[in-house]
Amino acid sequence: MEKERISSVQLFLLLIGFLIGSTVILHPTSTVKNDAWMAIILGCAGGALLMMVYVAIALLNPSRTLVEILKDRLGKFVGTAVSILYIWYFIHLASLVFRNYGEFITTATFPETPMVVVIGLFAVILVYAINSGIEIMARLCELFVPVIPAVFLIISLSLIKVTDFTAFLPILENGIAPVLKAAVSFATFPFGETIAFLMVFPHLNKKEDLKKTVSMSLLFKLVLSLLIFFRDSSVLGADLMDRATFETHMTALLIPGLNVEPLVDINLLIGGGVKISICLYAAVKALSQVLGINDYRDLTTAVATFSVVLSIWIYENILEMFRWVDKIWHFYSLSFQVIIPLLLLFLSLKKRKEPSKDGLKAKQQRNRRLHLSPHYKNNLKGKTNIDKKH
Amino acid sequence: MAIVLAVFFILVLYDLQRFIRKKKQAKVYIIYFFLMAASLTVSLLLAAGKRPASPAQWIEGIFKMIGVVK
């Protein structure tokens, strides 16, 4: 592995950028209208469990990437097969975010520009960032990710007079079932997708800070999501929020006498950019490890090109994308985000409990050498003399 | 269609001269050309207006086949 190291703060910002990602424009909980705040809290709780599973896997297998863990725990053949599935999953995830970005830009900002041009130009910049390495990506996050909450503050404060604070009432109008469904959506998108960070965690310079960093980013995302919901809900109202395709964009349009629409684009550029970079980085790194290629940069262009083409190919239009995400996504992502990580955690815990045969043999040999060494005998004599004196 | 071909030609040319200069392993060439060929084929089909069945449809088909989704 290349000697690239990132600090806890950089990882925190990478996680924040990733978690915000395309949720800048799309809210997975908006289907439950007024009760979205409950879905956000429950979804975050579920997401916290998922992310803690990933952290536990990373801590039980220090300095190992997802591919290395899979090969080690599931065997070379099955591990490689599952790794290939994960490579596909990361490319698919990147293409989904590319598509969200393209749809938003061509709908809201540049309606005359073909989507492939918008996505292609964005991909060129991201390939450059990925080829620069994870350190550079993390430093870019230090520079850009703080802009996201700043933009949120600007939009929210500008709308402080246009709000109706009773808009999120009544509570549980349609029962708890839709809230739970939305919470599951929120747990898988975006929290479950942080499985890609198992390719990034080995670069953290202080492993002991991993749990704290992940928890902090989770808490930040929870607070930001709740604030965004209360802002959008009190400005748009539950019904309009449910019908709008891009709620945040619509909210930004309502600021009287001020056009802050480009700020939403900037937020999407940053959040989406971080998410796509991490997904593509994870895919390319995993692919190079599966094939035994020394430098992952050799494949970045090919994988990014494939991802761009996939983003255009995979759905005919935005409605098909929403239908697919609503109907299929949970089942599709369940195995990647829950089943395989839980299996890996179980196998890692099992491996830790039973010491390996080689390790046991080495320990026995060390003990034997220690018992035979004159130093040990002298120590033992000294100890018995002290005992006698007492 | 000509634009698609031109873009892919530039991308491959740019990477290929780098690979040759650095004497990359054969498997780098194989996986690179596999991904690029797949991308080019799909791009040409999309440009021609003949959209092939997408992976999203395949995945949906698999889930329907095993009875997860109706």
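The values are calculated or read from the model by the stated rules, or taken from the named source; none is laboratory data. Computed from a predicted structure; not experimentally measured. Reconstructed Cβ throughout: ideal geometry from the backbone, glycine too, with neighbour counts over all protein chains shown. Protein only, heavy atoms only, side chains kept; ligands, DNA and RNA dropped before computing areas. Shrake-Rupley method; radii C 1.70, N 1.55, O 1.52, S 1.80 Å.
Here are some notes:
- Residue selected from the stretch B:56-70 under the condition at the interface with chain A (Cβ under 7 Å from one of its Cβ atoms) and in a helix (DSSP H, G or I), by the criterion farthest from the chain's Cα centre (by Cα): B:63
- Looking only at residues in the stretch A:5-56 that are of a type outside the set (Gly, Ala, Ser) and touching a strand residue (DSSP E or B) at 6+ places or on another chain (Cβ under 8 Å), the one that is surrounded by the fewest Cβ atoms within 10 Å (Cβ to Cβ) is A:5.
- Matching residues, the stretch A:122-139, being without any contact (Cβ under 8 Å) to a residue 24 or more places away in the chain and of a type in the set (A, V, I, L, M, F, W, C): A:124, A:136
- Residue in the stretch A:192-214 that is farthest from the chain's Cα centre (by Cα), counting only those that are in a helix (DSSP H, G or I) and farther than 24 Å from residue A:90 by Cβ: A:208
- Taking the stretch A:259-339 and the helices (runs of 4 or more DSSP H) fully enclosed by it, the elements with 1 or more residues that are facing chain B (nearest Cβ under 8 Å) and hydroxyl-bearing (Ser, Thr, Tyr) are at A:300-313, A:329-334.
- The residue that is modelled with the highest pLDDT, counting only those in the stretch A:294-324 that are open to solvent by 50 Å² or more (accessible area, probe 1.4 Å) and under 22 Å from the mean Cα position of the chain (by Cα), is A:297.
- Residue check, residue A:119 crowded, with 18+ Cβ neighbours inside 10 Å, at pLDDT 90 or above and in contact with a Phe, Trp or Tyr (Cβ under 6 Å, 6 or more places away or on another chain): yes
- When the criteria are applied in full, residue A:230 meets the requirement of being surrounded by fewer than 22 Cβ atoms within 10 Å (Cβ to Cβ), away from chain B (no Cβ under 14 Å) and part of a helix (DSSP H, G or I).
- Residues located in the stretch B:1-55, provided they are more than 7 Å from every other protein chain (Cβ to nearest Cβ), in contact with a helix residue (DSSP H, G or I) (Cβ under 7 Å, 6 or more places away or on another chain) and hydroxyl-bearing (Ser, Thr, Tyr): B:29
- Residue in the stretch A:142-157 that is of a type in the set (Gly, Ala, Ser), open to solvent by less than 70 Å² (accessible area, probe 1.4 Å) and more than 26 Å from the chain's Cα centre (by Cα) present: no
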